[in-house]
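Notes to accompany the following structure.
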Amino acid sequence: MAKDKCIADFLFEQGFNTPPSERVARETLIAGGLTNSTKRNICSDKLRRAQEMLALSLFRACSDHRCQLLATLEAGTRRVVTVADAGCQLCGGKKARRSVAWAAYRLGLMGINRVLVIGGTPAEHDEISKHVRSRGSGRDRGRGGSPGQAAMEFRFVDGTRPGRASEAAAALMRWADLVVIWANAPLKHSVSATYAACAAGCREHARLVYASCTGAAAMLDQVVSGIA
Ligand SMILES: [Zn+2]
C-alpha cells in the first residue's frame, strides 16, 4: 500500500526551499487537483505527477541577478519562482556553474561560442568543462524559452607544461572566437609567449584578453565584465 509523504518535505526536496516558494508550489498542486489547502501529506503514488506538474509550471531561480535574468529567458511559459541558492535550476548554488551560464549567455550574444583558455590547472579546467556539459544535457529548457544560442565550447591549454609548438598554438587560435590568457593561474612564460607570439603574427586571430583573477568563477566573471 502506498505511503503518505509530508508535502512540505517533498517540496523542499524539489528545490522549493523558502516559505514563499513552497507556498507557490503548493498552490500549483492545489490548482492541479493533487492536494487541497488543509492536507499536510500527499499519497506517494501521486508524487511523480506532482513532480511533473511542478516542472511544467514553475522555474526555480536564486536571487542572483544573473540567474534571475537567465531564468526569464529559459522559463518559457513557466512562472519564475525565487528560491534559496541550492534549489536554483541554473546554478544550484555553485558559483562556477553560474559564471559558466552567464558567460555562455553574454559571450553568445557577441557571437563568441568557442573560448580558448591559456593557463590554469587541470582541476580548474575540469570544473568549467563539467558545468558546460551539465548545461548542454541536464537542463529542462522551456518551449521557445531558450536564448537560442549555439552551445558554448571551451578548450584549455595547461599552463604548467612547456609551451606547445607554434603550429599547434596557431591551430587552436584559429578554432577560437576568444582567447583568454589567464595570467594569475599557473602559467609558464614559455606557454603564454607561444600564444602571444602567435597572436602578434597573425592578423586574423581571435580576440585576445588577459584575466588575473583566481578561481574559475572569478576568471570567467572578469572576462565577461571586461568585454561584454
Ligand atoms: Zn542561481
When the chain is fully extended, how far beyond the present Cα-Cα distance does Leu47 get from Asn184, taking 0.36 nm per residue of separation?
44.4 nm
Dipole magnitude (debye, nearest 20) for the chain, charges at Cβ of Lys, Arg, Asp, Glu:
400 debye
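Grab the eigenvalues of the alpha-carbon gyration tensor for the chain, scale each by 5, take roots, and send me the semi-axes largest first in whole angstrom.
44, 16, 13
Looking at the chain only, what percent of DSSP beta bridges run antiparallel? Nearest 5 please.
Details: 3 of 21 bridges.
Taking every DSSP beta bridge within the chain, about 15 percent pair in antiparallel fashion.
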Global geometry of region 4-87, whether rounded, prolate or oblate, following the gyration tensor of its Cα atoms and the 1.5 cut on a/c
prolate
Within 11 Å, Cβ to Cβ, of Ala218, how many net charges do the neighbouring residues add up to if Lys/Arg are +1 and Asp/Glu are -1?
-1
In terms of the charge dipole of region 4-87, which places +1 on Lys and Arg and -1 on Asp and Glu at the beta carbon, the residue among Phe10, Ala84, Thr35 farthest towards the positive end is Thr35
Selected from Ala55, Ala103, Cys67, residue furthest toward positive end of dipole (region 50-103; charges at beta carbon):
Ala103
For the chain, built as a Gaussian network whose Cα springs stay under 10 Å, the top-fluctuating residue of Met110, Met152, Met173
Met110
For Ile30, Ile112, what ranking results if the residue with the fewest other Cβ atoms within 10 Å of its Cβ goes first?
Ile30, Ile112
In percent, how large is the relative contact order of the chain, given Cα pairs closer than 8 Å and 6 or more residues apart?
18 percent
What FRET efficiency would be calculated for the residue pair Thr121, Ala55, taking the C-beta separation as r and a Förster radius of 45 Å, to the nearest 0.05?
0.80
Spatially close lysines, pair count over the chain: Cα under 21 Å, gap of eight or more or interchain:
6
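For Cα pairs less than 8 Å apart in space and 6+ apart in sequence, what is the mean separation divided by the residue count of region 4-87, i.e. the relative contact order in percent? Working shown, then result.
Numbers: 101 pairs, mean separation 28.6, N = 84.
Computed value for region 4-87: 34 percent relative contact order.
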For a protection proxy built on the mean count of beta-carbon atoms within 10 angstrom, sort 80-89, 38-47 highest first, please.
80-89, 38-47
Once the piece of chain linking Leu69 and Trp175 is laid out straight, how much longer is it, given 0.36 nm per residue of separation minus the C-alpha distance between them?
35.2 nm
Which of Ala217, Ala199, Ala171 ends up with the largest GNM mean-square fluctuation for the chain, with Cα atoms connected below 10 Å?
Ala171
Of the candidates Arg78, Arg49, Arg155, which one comes out as most mobile in a Gaussian network treatment of the chain with C-alpha springs shorter than 10 Å?
Arg49
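Can you give the net charge of the other residues whose Cβ lies under 12 Å from the Cβ of Asp85, counting K and R as +1 and D and E as -1? Working shown, then result.
Working: positive: Arg60, Lys94, Lys95, Arg97, Arg98; negative: Asp64.
Summing Lys and Arg as +1 and Asp and Glu as -1 gives +4.
Just so you know, all these numbers are worked out from the coordinates, no wet-lab data involved. Please read all numbers here as calculations on a predicted model, not as lab measurements. Heads up, the Cβs are rebuilt from the backbone with ideal geometry, glycines too, and the neighbour counts pull from every protein chain shown.
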